[in-house]
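The values are calculated or read from the model by the stated rules, or taken from the named source; none is laboratory data. Since the model is a prediction, treat every value here as computed from it, not as a measurement. All Cβ positions, glycine included, derive from the backbone under ideal geometry; neighbour counts span all protein chains shown.
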Amino acid sequence: MSNTTRLVKKGEVYMDKLQWAKWFVEHGYAVFPVSQESKSSIIKGWQRYSTTSLTEEEKTQYLDMIANGYNYAVPGGQHNLVVLDFEDRELVKEWIGETTLNEICAKMFCVNTPHGGMHIYVISDDIPDKKFNPVFTKDNKRIADLQSFNSYVVGVGSCINHEKCKSSKCTLERPKHNYMLYPI
Ligand SMILES: [Zn+2]
């Protein structure tokens, strides 16, 4: 993946969930609502948004739902966007080093995720035509997935309620309140 472009310029990062969803829509990206406090899709046929823009009606309907509490998803594939979905930020640091990680996040849009992982949004002139789960492993451990066509990540600004969370990574030590996906 050569010739990458940063999705979001630094400085554009102080936004809430609805503002973020609008940001994507205004920049031509299709986003769609996912269930409140989790990441399950509630829109049938959402896979079409990897290749099809939102209609004006969908824009209004979806942004209304997000304004009313739904989380939202960003599908890969559209506008040459893929998202590297890392399970564990600390493992990435160990693997490539903190300096390299900082360099990557200066060049690409990076988002912290609620269970200690991270998303790296990559726009490249050359992206794979499907997702890879996993795309990287180390010592037989899954390090990252790559979300491309027909897959999505929960969008920046979305909230997860750990009291209703079914993730095996949701440890008891973790505070049981809403936890957001926020930019690094
Ligand atoms: Zn959790």
- Query: Which is modelled with pLDDT under 95 and surrounded by fewer than 15 Cβ atoms within 10 Å (Cβ to Cβ), of GLY69, GLY117?
  - Reply: GLY69
- VAL153 being within 21 Å of TRP20 (Cα to Cα), in contact with a His (Cβ under 8 Å, 6 or more places away or on another chain) and at pLDDT 90 or above: yes
- Message: Would you confirm, using the coordinates I've provided, whether VAL83 is of a type in the set (A, V, I, L, M), more than 16 Å from the ligand (Cβ to nearest atom) and closer than 18 Å to LYS169 by Cα?
- Response: no
- Query: What number of residues within region 121-162 are closer than 23 Å to SER40 by Cβ and surrounded by 17 or more Cβ atoms within 10 Å (Cβ to Cβ)?
  - Reply: 21
- Message: Checking ARG89 against (1) without any contact (Cβ under 8 Å) to a residue 40 or more places away in the chain; (2) under 30 Å from ASN68 (Cβ atoms); (3) within 16 Å of the ligand (Cβ to nearest atom), only one condition comes out false. Which one?
- Response: (2)
